[in-house]
Amino acid sequence: MTTTTTSAPHPRHAMLSGWGRYPLSESDIYRPDRIAELQAVVSGNSSSLIARGLGRAYGDAALNDQNRVVDLTRLNRVLAFDPASGLLRCEAGVTIAELLDVFLPRGFFPPVTPGTRFVTLGGSIAADVHGKNHHRDSSLASHVTWFDLMVASGEVLRCSREENAALFWATVGGMGLTGVILELELRMRRVESAYLDGELIRAGNIDAAIEAFERLDAQYRYSVAWIDCNSVKSALGRSILNVGNFATLAQLPRNLAQNPLNIAPKLSPFVPFDFPVVNSLTVRMFNAVNYAFHREKPGHTIFDWNSFFYPLDSIRNWPRIYGKRGFVQYQCVWPPAESRAGLVEVLEAITRSRRASFLAVLKKFGAQDGMLSFPMPGYTLAIDFPVTDGMLEFLDTLDAMVLKRGGRVYLAKDARMSPETFRAMYPNLSKWQAAKALADPENRFSSSLSRRLRMTE
């Protein structure tokens with residue numbers, strides 16, 4: 001790829017935060033329209049820089065306090081698509097929402113999607129996002145054949161499993177610290193409908209939930225559970241599982257089969273102001289009502305794609321329910337042999353602390369590559385905690401529980417982990433540091449996250 005010399009766009013100085021609204025930082029923000037402008041931003045200034053997409057990393061991964069941030073959302077062109085192979089070539093600023101708008105009516109769905117469609121593909125590679133099908137299909141990077149990476153010198157390198165392989169695996173899950181992803185090739189999945197055929201299952205405790213995941217592992221590509229973090233004793237970890245596969249035309253009711261790839265848009269309510277409704281009483285009430293309301297239905301259920309994959313996207317500005325101080329989403333994973341004991345230990349600690357949330361999710365992970373990728377085979381728990389007095393110290397105690405069982409915490413959602421804990425949880429750090437040093441010898445690409453965790457030391 002060749003670029004022409006041009007000047008960098010003029011930055012605006014503004015306050016930024018992650019999706020959890022904690023912490024806050026000030027930065028000079030550049031928003032290039034063309035690759036040449038981006039190159040001028042990257043190579044024309046030696047101060048610290050980090051790329052940013054739609055800002056859906058929960059913590060400080062896409063923040064760069066008192067330094068530079070480059071917003072890539074204008075670099076979002078779809079460049080080529082082959083319907084025979086499903087191979088899509090596009091710029092990294094393309095979002096999953098845009099892919100769905102363009103390709104779902106044509107019978108194609110992203111191979112992996114996180115719990116929101118409002119993320120860029122570049123950011124998704126940098127965080128190596130996972131979805132409800134990780135136990136079958138691994139993370140998004142498993143379906144990316146190559147990407148072009150602009151390194152600190154302004155040079156653009158093609159990265160794949162065969163070409164610049166170490167840089168490929170350092171960038172996957174590398175939180176934007178090896179360079180700026182420009183373009184990529186992704187293999188989309190062909191589907192017959194925009195609906196899923198599946199089941200809704202109530203599990204009375206954590207053992208029943210794990211048994212259901214294991215029993216249905218080979219039957220369903222997608223599986224996820226909402227988990228009640230207020231339940232105790234014999235009901236500890238009671239859950240509601242949603243499992244499903246994309247429905248074929250033969251599985252759809254006649255009225256849906258007539259137009260299987262189009263679903264009428266729904267109204268999206270929004271939270272207009274900060275309204276902290278999360279406390280021990282409201283959470284306990286919500287969890288009890290939610291578990292009672294979701295009665296297990298006999299036989300199979302048809303879900304539309306939006307409500308199955310993106311239930312929170314239906315409420316705009318939903319982080320405001322946690323109030324002005326924001327929240328931290330804590331996501332951890334344990335290896336298979338430690339998952340049950342780890343879940344019990346952490347759930348009991350959360351219950352004792354009275355810090356539970358009504359947004360708690362349990363999933364099963366499968367195999368995973370990547371130097372700093374978060375997933376590993378086992379079970380993962382994600383839960384939101386409002387920022388309150390003592391919350392950070394409480395999460396330190398959860399870190400210790402997770403670490404002693406060989407688990408780790410997700411960097412894309414972290415806002416407070418210590419450097420020592422990070423090093424213990426990510427044993428491939430030295431390999432990642434070696435690859436980063438070759439691509440970015442002066443450490444121009446850095447972030448609030450990387451400095452807090454001392455990732456290059």
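Give the range 28-39 a look and list any residue that's touching a strand residue (DSSP E or B) at 6+ places or on another chain (Cβ under 9 Å) and either closer than 15 Å to Glu155 by Cα or modelled with pLDDT under 95 (or both), or say none. Give the steps one after another, and end with the answer.
First, the residues of the range 28-39 that are touching a strand residue (DSSP E or B) at 6+ places or on another chain (Cβ under 9 Å): 28-32, 35, 37-39.
Selection gives Ile35, Glu37, Leu38, Gln39.
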*Only one of Ser85, Ser25, Ser48 is at pLDDT 95 or above, of a type in the set (Gly, Ala, Ser) and under 23 Å from Val387 (Cα atoms); which?*
Ser25
_Candidate set from the range 212-253 (those that are assigned to a loop (DSSP other than H, G, I, E, B) and among the basic types (Lys, Arg)); member that is farthest from Arg352 (Cα to Cα)_ = Arg221
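Go through the range 18-130 and tell me which strands (runs of 3 or more DSSP E), entirely inside it, have 3 or more residues that are surrounded by fewer than 22 Cβ atoms within 10 Å (Cβ to Cβ) and of a type outside the set (D, E, K, R).
Working: elements: 24-30, 49-52, 67-71, 78-82, 87-91.
Those strands (runs of 3 or more DSSP E) span 24-30, 78-82.
Assess whether Leu186 counts as being surrounded by fewer than 15 Cβ atoms within 10 Å (Cβ to Cβ) and either modelled with pLDDT of 95 or more or of a type in the set (A, V, I, L, M) (or both). Write out each step before concluding.
Working: surrounded by fewer than 15 Cβ atoms within 10 Å (Cβ to Cβ): no; either modelled with pLDDT of 95 or more or of a type in the set (A, V, I, L, M) (or both): yes.
Against the criterion (surrounded by fewer than 15 Cβ atoms within 10 Å (Cβ to Cβ) and either modelled with pLDDT of 95 or more or of a type in the set (A, V, I, L, M) (or both)), Leu186 does not qualify.
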*asked:* Out of the residues in the range 152-164 meeting the condition of being over 16 Å from Ala437 (Cβ atoms) and of a type in the set (Gly, Ala, Ser), tell me which one is modelled with the highest pLDDT.
replied: Ser160
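Of the residues Ser231, Ser314, Ser280, Ser268, which single one is at pLDDT below 95, buried (at least 16 other Cβ atoms within 10 Å of the Cβ) and either in contact with a Phe, Trp or Tyr (Cβ under 8 Å, 6 or more places away or on another chain) or not assigned by TED's automatic domain parsing to the domain that holds Asp101 (or both)?
Working: Ser314 fails: buried (at least 16 other Cβ atoms within 10 Å of the Cβ); Ser280 fails: buried (at least 16 other Cβ atoms within 10 Å of the Cβ); Ser268 fails: buried (at least 16 other Cβ atoms within 10 Å of the Cβ).
Result of the check over Ser231, Ser314, Ser280, Ser268: Ser231.
Would it be correct to say that Ser268 is farther than 30 Å from Asp148 by Cβ, under 23 Å from the mean Cα position of the chain (by Cα), in a loop (DSSP other than H, G, I, E, B) and in contact (Cβ under 8 Å) with a residue 40 or more places away in the chain?
Values: farther than 30 Å from Asp148 by Cβ: yes; under 23 Å from the mean Cα position of the chain (by Cα): yes; in a loop (DSSP other than H, G, I, E, B): yes; in contact (Cβ under 8 Å) with a residue 40 or more places away in the chain: yes.
The answer is yes for Ser268.
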_Verdict on Arg189 being touching a Pro at 6+ places or on another chain (Cβ under 8 Å), closer than 22 Å to Leu140 by Cβ and not small (Gly, Ala, Ser)_ = yes
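Identify the residue in the range 181-199 that is part of a strand (DSSP E or B), of a type outside the set (D, E, K, R) and farther than 14 Å from Arg158 by Cβ and, among all such residues, is nearest to the chain's Cα centre (by Cα). Explain how you work it out, then say what you get.
As a first pass, look at the range 181-199 and keep what is part of a strand (DSSP E or B): 181-187, 189-190, 195-199.
Subsequent filtering for residues that are of a type outside the set (D, E, K, R) retains 181-182, 184, 186, 195-196, 198.
Then drop every residue that is not farther than 14 Å from Arg158 by Cβ, which leaves 186, 195-196, 198.
Numbers: Leu186: 17, Tyr195: 22, Leu196: 21, Gly198: 23 Å.
So, considering only residues that are part of a strand (DSSP E or B), of a type outside the set (D, E, K, R) and farther than 14 Å from Arg158 by Cβ, the one nearest to the chain's Cα centre (by Cα) is Leu186.
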*Do any helices (runs of 4 or more DSSP H) entirely within the range 340-442 hold 3 or more residues that are more than 30 Å from Gly122 (Cβ to Cβ) and out of contact with any Lys or Arg (no Cβ under 6 Å at 6 or more places or on another chain), and if so, which?*
391-404
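The values are calculated or read from the model by the stated rules, or taken from the named source; none is laboratory data. Note that this is a predicted model, so its numbers are computed, not measured. Every residue, glycine among them, receives a Cβ derived from its backbone with ideal geometry; neighbour counts consider all protein chains shown.
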